[in-house]
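Here the structure is laid out as structure tokens; the discussion comes afterwards.
The values are calculated or read from the model by the stated rules, or taken from the named source; none is laboratory data. These figures come from a predicted structure and were not determined experimentally. Note that we place each Cβ from the backbone using ideal geometry, even for glycine, and neighbour counts take in every protein chain shown.
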């Protein structure tokens, strides 16, 4: 599988950017070269941070900068899976080498799946999803998350949402479910009330920091340049939705495609056979529900906008 991933990744690297990515490069160039924020002269259906992400590549006309930043986000997600997964579901009754092999396999699955997405590996969806995964894994560590985890998780979550606002739904649902199952429910009696109050305070802090980082990445540039009316107007247009289309029909059509359906069946089957047996007893059901909740939350938000 690692070899297949490397082959597909190489093909993605050699492939020129598609029309959607070229569109983003244009707005990145306008930002860096012409010092023009989005929504001040032209409307763009992405948050302001997206043009910042593409700014260096757009200004230099070198798509390799997007590839480098995307690969860094993917590597961060893979490292998070390898280093943070032990506290989430893998049972300690298995040898350390076997546990490491399982985590390594799960990490390799990530880019293997992402290179098959529409637009390839270097579409904005990949770094956004990778950072959202890092945020979720960091915050979902057993017990009450340490402040350093809250800081890293909030930055990654804010970046992910700033690229693809859809990720706010699975992040919120995932943290609430994980907190209820693995955090709040781990104590009893009076200790439960104290632990729950502390955990709730940490999660509220995490949400507040996401908002602060999001404002820094997207709002502050308009404040500093005294162009807040343009930001408000652009946000209102963005909230109004894109060009109407039948998102549900497109989603179903993509899922019934023979090649895509076959790939996902193989992927889900292999992932389940390799990872589920190593989960701690009593936690398999919780993780299955968590996967389903995050997937449904993300699909619901996307279909509500694109339908």
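Values for this structure:
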{"read-out": "Qualifying residue in region 90-103 (condition: modelled with pLDDT of 80 or more and either surrounded by fewer than 14 Cβ atoms within 10 Å (Cβ to Cβ) or not in a loop (DSSP other than H, G, I, E, B) (or both))", "value": "no"}
{"read-out": "Flag for residue 82 being modelled with pLDDT of 90 or more and part of a helix (DSSP H, G or I)", "value": "no"}
{"read-out": "Looking only at region 117-142, and only at residues there that are more than 22 Å from residue 54 (Cα to Cα) and surrounded by fewer than 21 Cβ atoms within 10 Å (Cβ to Cβ), the one that is modelled with the highest pLDDT", "value": "141"}
{"read-out": "Residue, nearest to residue 121 (Cα to Cα), within region 1-24, restricted to residues that are assigned to a helix (DSSP H, G or I) and modelled with pLDDT of 75 or more", "value": "21"}
{"read-out": "Matching residues, region 52-74, being crowded, with 19+ Cβ neighbours inside 10 Å and within 18 Å of the chain's Cα centre (by Cα)", "value": "52, 53, 54, 66, 70, 73, 74"}
{"read-out": "Filter result for residue 107 (over 23 Å from residue 165 (Cβ atoms), buried (at least 19 other Cβ atoms within 10 Å of the Cβ), at pLDDT 80 or above and within 16 Å of the chain's Cα centre (by Cα))", "value": "yes"}
{"read-out": "One residue from 27, 49 being within 19 Å of residue 127 (Cβ to Cβ), surrounded by 15 or more Cβ atoms within 10 Å (Cβ to Cβ) and without any contact (Cβ under 8 Å) to a residue 60 or more places away in the chain", "value": "27"}
